[in-house]
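The values are calculated or read from the model by the stated rules, or taken from the named source; none is laboratory data. Note that the structure is predicted; figures quoted are calculated from it, not measured. Every residue, glycine among them, receives a Cβ derived from its backbone with ideal geometry; neighbour counts consider all protein chains shown. Areas reflect the complete protein model, heavy atoms only, side chains present, ligands, DNA and RNA absent. Shrake-Rupley method; radii C 1.70, N 1.55, O 1.52, S 1.80 Å.
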Amino acid sequence: MAITSIKNLKEFSTANERFEGAHLLCPGCAHSMIVRELMNCTDDNLVIASNTGCLEVSTAVYPYTSWDTSWIHIGFENAATAASGAEAMYKARKRKGTLKDPDAPVKFVAFGGDGSTYDIGFQWLSGAMERGHDFTYICLDNENYANTGGQRSSATPIGANTTTAQAGRVSYGKKEKKKDMVAIMAAHGAPYVAQLAPNKWKIMAKGFQKALETEGPCFINTVSACTTEWKFDPKDTIHLTDLATDTLMFPIYEIIDGHELNILYRPKNIIPVEEYLAAQGRYKHLFKPENKHVIEQIQKDIDAKWEYLQRREEARV
Amino acid sequence: MSRGVLATEKRGMRELGAEEHVGWDEVTQGTLLPSFEKDVDAAHVRPEERPYSDFNSYTATVASWRVIKPVYNRDICIDCQNCWVWCPDTSIVSRDKQMLGIDYDHCKGCGVCVEVCPTNPKSLLMFGESEETEAALAKWPEKKKKAK
């Protein structure tokens, strides 16, 4: 197995970087932290496909590329299709014996933002999962269409102020709840589905390695704090992700074979969600007296979800 | 001639956007940009030994984005590599489990490295872009006592 075992951060830091600097992602963007970690946690050859989104437009600004591996971009919705097509081609050529180096380990990875995963590329992703290609799909979930100015997506949580679901006198922002993509992907019967966060680098690296090793379609939802649209200081990216995981806004867990749920991180002290909301400009309006009920609603939803996850884990079904 | 790990020959030689632009109707559809001049398995080759092509963004710089920059103090650093794992711009240079310094061609000055630094006082601090490294190091704060 070419994947290096990662025991501690010092050992991890000996990896040879394959994601180059001078990409145009915002300072403090969590996208590149996640992508770097994926590319550093394996030595295998990678074939990466990207949906249109922040990651794609920033890392392939003509005439530059920031990728030291094979990288494909086609359209907004079809990174899953491109990766599964490349994988099918690879398998066929392996069978026919026309590969230059048939023993070299190759892994297929697709990246998409939450807009292209939850909304626009949903059908394509679902198709690729159902066909059972051997690839890993990683969703960089920043909860809005950050590339085009912060429109709402179906990953935007209730109460967030976005450019197409604005908070003001009559509205408190987005009124609908966030779609549970992890559960939907688990319902496809995928062998490995997880929700991970970059602040817990070891859990994330292990999750990535597990997904790459697992044969079949794997889905990983990663929390990617967006300094521009969530409206916080770029230096606080990791602090904010800490708040997201410790308030259980983003619980970290995995689902194996569509049923076996494991919680990967249990915060020692569960922080009330107010602290997470107060750290971001997009929730500022929720602290007005007339919007207090939204915060209560969010807290109630989080508690119910955590209760559900714990009982699912206990039940082993 | 190689300029060492922190400043290799090709790194950051061009300002982004300084290249000649072509109109939207002149761009070739379906472009292939090779990252390297010849076939290389990047997973097993150190950045300073790779044959980067001019298309690789490694050869570009975003230094002009910065208004504040992180300054690194080797004397306090414990090589925990927190800054390395969370740097979004591949700008912390580590070799053989040791932190060597900051890649100022690709650093955008976000300040994440300073926030995640666990030492007391921090071994990375943000200073104004025009501040000289020696002057910044001379201003380094003393160890803070823990509030009881």
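Scanning the stretch B:56-68 for residues that are facing chain A (nearest Cβ under 7 Å) and either at pLDDT below 90 or assigned to a strand (DSSP E or B) (or both) returns B:N56, B:A60, B:T61.
Quick grid of which residues meet (1) assigned to a loop (DSSP other than H, G, I, E, B); (2) open to solvent by 20 Å² or more (accessible area, probe 1.4 Å); (3) of a type in the set (V, I, T):
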residue: B:L33; (1), (2), (3): yes, yes, no
residue: B:D39; (1), (2), (3): yes, yes, no
residue: B:P70; (1), (2), (3): no, no, no
residue: B:C77; (1), (2), (3): yes, yes, no
residue: B:H106; (1), (2), (3): yes, no, no
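Taking A:I255 as the residue in question, decide whether it is among the aliphatic types (A, V, I, L, M), within 17 Å of the chain's Cα centre (by Cα) and more than 14 Å from chain B (Cβ to nearest Cβ). Yes: the conditions hold for A:I255. Residues of the stretch A:197-231 that are under 20 Å from A:S154 (Cβ atoms), in contact with a strand residue (DSSP E or B) (Cβ under 9 Å, 6 or more places away or on another chain) and open to solvent by 10 Å² or more (accessible area, probe 1.4 Å): A:E229 alone.
Across the stretch A:129-146, what is the total count of residues that are surrounded by fewer than 20 Cβ atoms within 10 Å (Cβ to Cβ) and either in contact with a Leu (Cβ under 9 Å, 6 or more places away or on another chain) or not in a loop (DSSP other than H, G, I, E, B) (or both)? Number of matching residues: 2.
Among the residues of the stretch B:84-107, how many are within 10 Å of chain A (Cβ to nearest Cβ), under 22 Å from A:T227 (Cβ atoms) and in contact (Cβ under 8 Å) with a residue 24 or more places away in the chain? Spell out the reasoning first.
Narrowing the stretch B:84-107 to residues within 10 Å of chain A (Cβ to nearest Cβ): B:84-99, B:103, B:105-107.
Then drop every residue that is not under 22 Å from A:T227 (Cβ atoms), which leaves B:84-92, B:103, B:105-107.
Then drop every residue that is not in contact (Cβ under 8 Å) with a residue 24 or more places away in the chain, which leaves B:86-89, B:103, B:105-107.
Number satisfying all stated conditions: 8.
Could we say that B:Y52 is aromatic (F, W, Y), touching an Asp or Glu at 6+ places or on another chain (Cβ under 6 Å) and surrounded by 17 or more Cβ atoms within 10 Å (Cβ to Cβ) here?
On the way: aromatic (F, W, Y): yes; touching an Asp or Glu at 6+ places or on another chain (Cβ under 6 Å): no; surrounded by 17 or more Cβ atoms within 10 Å (Cβ to Cβ): yes.
When the stated conditions are applied, B:Y52 does not pass them.
Restricted to the stretch B:79-103, and to residues there that are among the charged types (D, E, K, R) and under 19 Å from A:K200 (Cα atoms), the residue that is surrounded by the most Cβ atoms within 10 Å (Cβ to Cβ) is B:D89. Whenever a residue of the stretch B:130-148 is assigned to a helix (DSSP H, G or I), its partners that are modelled with pLDDT of 90 or more and of a type in the set (S, T, N, Q), lying with C-beta atoms within less than 7 angstrom and at least six residues away or across chains, give the pairs B:L137/B:N73.
Apart from one condition, B:T28 fits all of (1) loosely packed, with under 11 Cβ neighbours inside 10 Å; (2) modelled with pLDDT of 90 or more; the exception is (2).
Considering the conditions (1) crowded, with 17+ Cβ neighbours inside 10 Å; (2) touching a residue at least 24 places away in the same chain (Cβ under 8 Å); (3) assigned to a loop (DSSP other than H, G, I, E, B); (4) not aromatic (F, W, Y), B:C110 is excluded by exactly one of them, (2). Evaluating A:A194 against the criteria (1) modelled with pLDDT of 95 or more; (2) not in a strand (DSSP E or B) leaves one unmet condition, (2).
Take the conditions (1) assigned to a loop (DSSP other than H, G, I, E, B); (2) open to solvent by less than 20 Å² (accessible area, probe 1.4 Å); (3) in contact with a strand residue (DSSP E or B) (Cβ under 8 Å, 6 or more places away or on another chain); A:H23 misses just one of them, which is (3).
Anything in the stretch A:40-71 that is of a type in the set (A, V, I, L, M, F, W, C) and either facing another protein chain (nearest Cβ under 9 Å) or surrounded by fewer than 18 Cβ atoms within 10 Å (Cβ to Cβ) (or both)? List them, or say none. Within the stretch A:40-71, A:L46, A:V57, A:A60, A:V61, A:W67, A:W71 qualify.
Out of the residues in the stretch A:156-184 that are assigned to a strand (DSSP E or B) and aliphatic (A, V, I, L, M), which is nearest to A:K288 (Cα to Cα)? Of everything passing the filter in the stretch A:156-184, A:A167 is nearest to A:K288 (Cα to Cα). Per the listing A:N16, A:N45, A:N8, A:N51, the residue uniquely in contact (Cβ under 8 Å) with a residue 60 or more places away in the chain and closer than 26 Å to B:V93 by Cβ is A:N45.
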